[in-house]
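Asker: The structure follows.
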Amino acid sequence: MYRRKLPKEQWTWAFYDWANSVYSLVIGTAIFPIYFASVTSAGNGAVQFLGRTFANSEIYSYSLSLSFLLVAIVSPILSGIADSTGSKKKFLQFFCYLGALSSTALYFFTSENQVIAALALSILASIGFWGSIVFYNSYLPEIAPPEQHDELSARGYSLGYLGSSLLLIINLITITYPETFGFKNAAHSTRFSFLTVGIWWAGFAQITFKYLPKTHRTNRFRRGYLVSGYIRIRQVFKQIMRMPYVKLYLFSFFLFSVGVQTIILIATLFGSQELKLESNQLILTILLIQFFGIAGAQLFAFISSKVGNIRALMVNVSIWITVSTMAYFLDANDAYVMYKFFALGSTVGLIMGGIQSLARSTYSKMIPPTENTVSFFSFYDITEKIAIVVGTFLYGAIIGITGSMKSSALMLAVFFLLAIIFLSGVKMREVRKKKASRYI
């Protein structure tokens with residue numbers, strides 16, 4: 001469908017998805033959660049911290065919540081400095097390297113005595129990944145006109161799914177046959193996969209760093225760069241409050257992000273602990289999600305071109321409701337649970353690629369003409385991070401109360417249902433009219 005030859009700055013922007021998506025797949029979704037559960041499996045998966053006993057899946061959820069909370073707090077400071085000093089690319093580089101180095105350091109996580117250090121490193125890696133995304137996303141309105149945003153956003157996600165799947169396949173082969181590749185055992189080759197993530201991420205990002213345009217120094221908010229980001233976020237918030245449809249969209253974005261991001265982050269723990277699936281079965285499911293994600297990003301870009309962004313998102317979110325509900329009814333004692341999990345994973349991949357790509361490009365079309373795109377995308381990213389904090393914290397809390405992850409899965413369906421209600425009130429035609437008049 002999309003065969004347009006991209007200008008150099010556009011395809012190198014999209015190529016950063018190829019570089020950084022290995023973190024979200026290998027560390028955030030596929031291998032590290034399984035390895036963490038394995039290392040902490042002694043004592044029925046109990047982890048001692050601050051005088052309390054937590055289930056390993058519970059404390060892992062809380063660590064994710066903390067990482068996203070920190071990103072949400074720090075993002076306004078970063079966006080203020082970047083906008084005021086014209087250093088957007090430098091901050092993109094800084095967070096890229098922070099995430100890559102933290103991922104690499106997970107290689108040294110070998111025993112449950114190092115659980116807290118490993119969680120600290122995973123938090124830093126998460127901050128590096130999501131911190132860089134703030135600045136990465138903010139380039140989209142600068143390098144492409146609105147009519148190209150859906151296509152370019154989908155290209156980025158497709159490259160990310162493809163690149164991360166390639167590295168995951170390589171890692172899966174080395175984990176399955178460790179001695180063949182000179183590793184002592186599967187645990188050793190698993191830890192080596194964390195090393196490959198850091199090298200891949202930082203290495204391929206150099207292509208993006210070389211060709212992305214530099215931003216110009218504006219020297220605004222001279223009274224203090226550290227507070228200027230919060231001032232800008234407050235200004236963005238006030239501006240959005242005068243845009244009823246943008247406000248509705250961000251409410252819906254918050255609600256479906258609670259569900260989508262929590263499912264992505266917790267899926268492998270759900271499969272390993274709730275359904276008792278083997279590691280190779282889980283990783284195979286993740287690969288299915290990735291390859292279907294490539295198709296999903298393109299499919300929903302096509303659907304949006306026919307029915308519009310909002311209707312395409314509503315179709316997508318409706319399928320998420322079905323996925324969350326079906327997850328609740330999966331049973332570890334079912335002889336066909338593995339195949340049902342595969343089918344569910346394939347569906348997740350198809351809609352995951354679509355919703356992430358469409359959510360980003362829809363917002364980029366809705367924001368008013370402005371030079372300070374970092375601030376608008378910082379607000380967008382803060383909304384997403386707070387959603388993830390809420391989702392992962394509630395997920396962990398429900399596990400702590402009920403001892404089961406199924407109730408948490410069903411809870412996410414409620415968030416998706418509310419998201420559809422808010423989406424139904426968004427009228428993109430009216431947004432375009434208001435944008436043309438600069439919301440005056």
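The values are calculated or read from the model by the stated rules, or taken from the named source; none is laboratory data. Just so it is clear, the model here is predicted, and its values are computed rather than measured. Positions of Cβ are generated from backbone atoms using ideal geometry, with glycine treated the same way; all protein chains shown enter the neighbour counts. To get the accessible areas, we keep the full protein, side chains included, count just its heavy atoms, and leave off ligands, DNA and RNA. Shrake-Rupley method; radii C 1.70, N 1.55, O 1.52, S 1.80 Å.
Asker: Given the C-alpha atoms of the chain, compute the convex hull and give its volume per residue in Å³.
Answerer: With only Cα atoms used, the chain gives 139 Å³ per residue.
Asker: Size of the dipole of region 236-341 about the Cα centre, Lys and Arg at +1 and Asp and Glu at -1 on the beta carbon, nothing else charged, in debye to 20?
Answerer: The dipole magnitude comes to about 700 debye.
Asker: Hey, can you grab everything whose amide H is under 5 Å from the amide H of F49? Only 5+ residues off in sequence or another chain; H modelled, so Pro and N-termini drop out.
Answerer: Correct list: F54.
Asker: Quick check for you: with a 1.4 Å probe and neighbouring chains kept, what is the accessible area per residue of the chain, in Å²?
Answerer: Spelled out: the 1.4 Å probe surface of the chain, per residue, equals 41 Å².
Asker: Once you've got the Cα coordinates, tell me which of K89/K385; K340/K385; K214/K238; K365/K385 are over 23 Å apart.
Answerer: Among K89/K385; K340/K385; K214/K238; K365/K385, the Cα-Cα distance tops 23 Å for K340/K385; K214/K238.
Asker: If you line up the long axis of helix 337-366 against the longest principal axis of the chain, both from Cα atoms, how many degrees apart are they, to the nearest 10?
Answerer: Relative to the chain, helix 337-366 is tipped by roughly 20 degrees.
Asker: Excluding ligands and nucleic acids, what accessible area in Å² is computed for K427 using a 1.4 Å probe, to the nearest 10?
Answerer: Only protein atoms counted, so the area is about 100 Å².
Asker: A further question on this structure: Evaluate 2.2 N^0.38 Å with N set to the residue count of region 295-354, then give the Cα radius of gyration divided by it.
Answerer: 1.30
Asker: Applying the Karplus parametrisation 6.51 cos²θ - 1.76 cosθ + 1.60 with θ = phi - 60° to the phi angles of region 31-41, what ³J(HN,Hα) value in whole Hz is obtained for each residue in order, glycine and proline being reported as x?
Answerer: 3J(HN,Hα) across region 31-41, in whole Hz: 8, 4, x, 5, 5, 4, 5, 5, 5, 9, 6.
Asker: In addition: Of K276, K88, K238, which is the most mobile in a GNM of the chain whose springs link Cα atoms less than 10 angstrom apart?
Answerer: Comparing K276, K88, K238 in the GNM, the peak value goes to K238.
Asker: Here is a further query. Compare A154, A335, A125 in a GNM of the chain, Cα atoms joined below 10 Å, and give the one with the largest fluctuation.
Answerer: A335
Asker: Applying the Karplus parametrisation 6.51 cos²θ - 1.76 cosθ + 1.60 with θ = phi - 60° to the phi angles of region 131-147, what ³J(HN,Hα) value in whole Hz is obtained for each residue in order, glycine and proline being reported as x?
Answerer: Per residue, the Karplus-derived 3J(HN,Hα) values read x, 5, 4, 4, 7, 4, 4, 5, 6, 4, x, 7, 10, 8, x, x, 5 Hz.
Asker: Sticking with this structure for a sec: Quick check: convex hull of the Cα atoms in region 274-390, volume per residue, rounded to a whole Å³?
Answerer: Dividing the Cα hull volume of region 274-390 by its residues yields 126 Å³.
Asker: Starting from the Cα gyration tensor of region 110-197, take the square roots of the eigenvalues, sort them a ≥ b ≥ c, and report rounded, prolate or oblate (rounded when a/c is under 1.5, otherwise prolate if a/b is larger than b/c, else oblate).
Answerer: Oblate shape, in that a/c is at least 1.5 and b/c is the bigger or equal ratio.
Asker: Report the charge-dipole magnitude of the chain in Debye, nearest 20, computed about the Cα centre from +1 at each Lys and Arg Cβ and -1 at each Asp and Glu Cβ.
Answerer: Its charge dipole is roughly 2120 debye.
Asker: Using only the alpha carbons of region 231-278, determine the length spanned along each of the three principal axes and report them from longest to shortest in whole angstroms.
Answerer: For region 231-278, the Cα spread along each principal axis is 50, 22, 10 Å.
Asker: At 222 nm, what helix-only mean residue ellipticity would the chain give, in deg cm²/dmol to the nearest 500, using -39500 (n - 2.57) for each DSSP H run of four or more?
Answerer: For the chain, the value works out to -26000 deg cm²/dmol.
Asker: Debye sum, Cα scatterers, region 318-383, no solvent: what log₁₀ I/I(0) at q = 0.12, 0.14, 0.16 1/Å?
Answerer: Normalising to I(0) and taking log10 leaves -0.50, -0.59, -0.67.
Asker: Between R52, R191, R360, find the one with the highest GNM mean-square fluctuation for the chain; connect C-alpha pairs within less than 10 Å.
Answerer: Of R52, R191, R360, the Gaussian network model singles out R52 as fluctuating most.
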